[in-house]
Amino acid sequence: MLSALEQLLLPAECALCHQLLGEREASHLTCALCRHRFRPVRPPWCGRCGQPEPHFGPCRLCVDWPAPLQTVRSAVWLAEGAQQAVHALKYGGLPRIADDLAIVMAPLRPRSDAAAALIPIPLASRRLRARGYNQSELLARALARTWRIPVLPDLLIRTRETPTQTALTPGTRLANVAGAFGTRNAEVGTRNSPAFQLPSSALILVDDVFTTGATLAEAARALTQAGATTIHGVTFARAAIPDFT
Ligand SMILES: [Zn+2]
Ligand SMILES: [Zn+2]
């Protein structure tokens, strides 16, 4: 209903370049040209964390990740149009843009068994109330439709609020999110809210932006503690780490 209303009220123009959208693109918020202009993250990269820096010796970015977290990939660099798109998704009141970003993420599907399930990185409840939606869940739901696998939005939970990560260095980011996640099945279920069972299939964490991977690693740690054995991560964008050499 809301999205039908949105389509009626908003002029059908690309949210990024403001060119009018053709009839075939009217259900999108961005034009195909803008989506093609996003700068893809390309190999060579670390086979595990997908960071395309040349590595000598073990990769510093993912060396401390929990063992079940096998691969993390990002579709595009957080620059120009992609940065604008993430901003629109998180702060611009354009949640539907998640569908367009998921188109760009579609090739990231991890090569694992077909029974994988998607797990969005949860928002702290205060931030969720302020925004009205979890942008990672919207991305996960759009990917779920494309990949035809389920989303488990309630399995992973935030156990505490964390300060915003934007200005933190890799080391402080890690400390910042330490113990920030738990799983619902760690709690005792009640009749109205039964304890969750962790599925035995591969779990694919979904987030909007990868910076140091600290958030994904910490989420994977919580899932590992709950018994997960195969975890992957996908994000729409990857930010260059300024002070990571
Ligand atoms: Zn455009
Ligand atoms: Zn790595």
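Values for this structure:
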quantity: Unique match (being open to solvent by less than 80 Å² (accessible area, probe 1.4 Å), assigned to a helix (DSSP H, G or I), of a type outside the set (A, V, I, L, M, F, W, C) and in contact (Cβ under 8 Å) with a residue 40 or more places away in the chain) among 35, 73; calculated: 35
quantity: Segment 38-70, residues that are within 16 Å of ligand 1 (Cβ to nearest atom) and in contact (Cβ under 8 Å) with a residue 60 or more places away in the chain; calculated: 38
quantity: Residue among 155, 101, 94, 123 that alone is open to solvent by less than 50 Å² (accessible area, probe 1.4 Å) and modelled with pLDDT of 95 or more; calculated: 101
quantity: Segment 76-86: number of residues that are surrounded by fewer than 19 Cβ atoms within 10 Å (Cβ to Cβ) and more than 15 Å from ligand 1 (Cβ to nearest atom); calculated: 2
quantity: Residue list for segment 64-87, filter: of a type in the set (Asp, Glu) and in contact with a Pro (Cβ under 7 Å, 6 or more places away or on another chain); calculated: none
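The values are calculated or read from the model by the stated rules, or taken from the named source; none is laboratory data. Remember, it's a predicted structure, so these values are computed and weren't measured experimentally. Backbone-built Cβ (ideal geometry, glycine too); neighbour counts: all protein chains shown. With ligands, DNA and RNA removed, areas are computed over all heavy atoms of the protein, side chains included. Shrake-Rupley method; radii C 1.70, N 1.55, O 1.52, S 1.80 Å.
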